[in-house]
Amino acid sequence: MSRRFAAPLTAVDTVDIADAPAGARVEAVKRIAGEDPYLVGHYPDFTIYPGVFTLESVHQAIRHWATERHGPGAVAELAAITSISFAAPLLPGDTLRIGCDLTERDDTPATVRAKVRCHRGDGALSARMTLELRIDRRDGDGHA
Amino acid sequence: MVTLEHADIRRILPHRHPVLLVDRVLDLEPGVRIVATKTVTGSEPCYAGLDEHLPASAYAYPASLLVESFGQTGAVLWLYSAATAGERSEGTLIFGSAREVTITGSAYPGDVLRHTVEIDQLIGDNAFMRGETWVGDRRIATLGSVLAVVREGLAAGTGS
């Protein structure tokens, strides 16, 4: 498969987007696979989905929202991690479920705030984070 | 002044290719501060499978890997300092939490990330660190507080 931005792996399998009063609700699922890129080295004798890959999963889910909301030329760049914390680990065979509430502001350049809670397939809280992303619209030059 | 080459870093960090994201330590003061580099190249797996004819901005080094590289730099400082002090920690090294991280720029293939990390506080198996990431004279990230944790029991029976 090909992608339109540099990324360590395809970090979401499915993304569902619904409108919400202040912005949008984004839900995404990623099944953790030991064969995914980079995981062979993290760690050689015990595979664990790196915390930053959960961040990557959330970022990719929000990229999907940005292109749906603003068109294929829109790019969601991570501007700030206000806070992020990790609880239950994700191991091969686990499922990561992301629930993300996006709040849009009309600033220029547009920024969105994301409040995110991530759960493992067994219901355990695996991570929560509050992020800010900058939406760049590159209409015209972003099309492959 | 302590400097470390890649062979030394492999002895300190458990991470391996392609997710060992510290190349060289330019300066390390045990228990206090570290300056380390990671060179971004176009042959890394994160650049595999990109569409053709994308704008230059599509080649920005992923923020997730930038944060990982910073965290690993902090881990080198922490683990080297512990070893120097004669302490030994067993368990799996994980990213615990972070606050007040701002990303103000990007790195591209050919750039050298230069992380400066300071230890704020060590409490048992927890290390609180903060610092900055630079590309040349451009600061591209400020990390207000990053917590690394050594957690026992995760890798029971694997000898990790």
Inset, instruction - Could you name every residue in region A:76-93 that has 10 Å² or more less accessible surface in the full protein assembly than in its own chain alone (probe 1.4 Å, ligands and nucleic acids excluded)? - result: A:77, A:78, A:79, A:80, A:81, A:82, A:83, A:84, A:85, A:86, A:87, A:89
Inset, instruction - Between residue B:137 and residue A:122, take the C-beta separation as r, use R0 = 45 Å, and let me know the FRET efficiency to the nearest 0.05. - result: 0.40
Inset, instruction - Any chance you could look up the accessible area of residue A:30 with a 1.4 Å probe, heavy atoms only, rounded to 10 Å²? - result: 10 Å²
Legend entry - Within region A:1-15: backbone nitrogen closer than 14 Å to the residue A:33 label point (7 Å, Cα to C-beta): A:1-2, A:9-14
Inset, instruction - Could you work out, residue by residue across B:18-29, how many beta carbons of other chains sit within 10 Å of that residue's beta carbon, and then give the average as an integer? - result: 2
Inset, instruction - Nearest 100 Å² is fine: how much accessible area is buried between A and B, summed over both sides, with a 1.4 Å probe? - result: 3300 Å²
Inset, instruction - Specify the angular offset, from 0 to 90 degrees and rounded to the nearest 10, of the alpha carbon long axis of helix B:63-84 from the longest principal axis of the alpha carbons in chain B. - result: 30 degrees
Legend entry - Mean-position separation - Cα centroids, region A:33-54 and region B:36-108, in angstrom: 14 Å
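With charges only on Cβ, +1 for K and R and -1 for D and E, what is the dipole size of region B:1-115 about its Cα centre, in debye, rounded to 20?
On the way: 9 positive and 13 negative charges, 52 e Å.
Rounded to the nearest 20 debye, it is 240 debye.
Regarding region A:1-81, what is the average projected area of its C-alpha convex hull, in nm²? Intermediate results must be reported in sequence, preceding the final value.
Working: hull surface 24.9 nm².
Computing the convex hull of the Cα atoms and averaging its projections yields 6.2 nm².
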Inset, instruction - Please give the average number of partner chain Cβ atoms lying within 10 Å of the Cβ of each residue in B:66-79, rounded to a whole number. - result: 2
Legend entry - Rh by Kirkwood over Cα pairs, then Stokes-Einstein D for the protein assembly as shown at 1.306 mPa s and 10 °C, µm²/s: 81 µm²/s
Legend entry - Per residue accessible area in Å² of the protein assembly as shown, where ligands, DNA and RNA are left out and the probe is 1.4 Å: 44 Å²
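The values are calculated or read from the model by the stated rules, or taken from the named source; none is laboratory data. For clarity, every value in this text was computed on a predicted model and none was experimentally measured. All Cβ positions, even for glycine, are placed from backbone atoms using ideal geometry, and neighbour counts span all protein chains on display. With ligands, DNA and RNA removed, areas are computed over all heavy atoms of the protein, side chains included. Shrake-Rupley method; radii C 1.70, N 1.55, O 1.52, S 1.80 Å.
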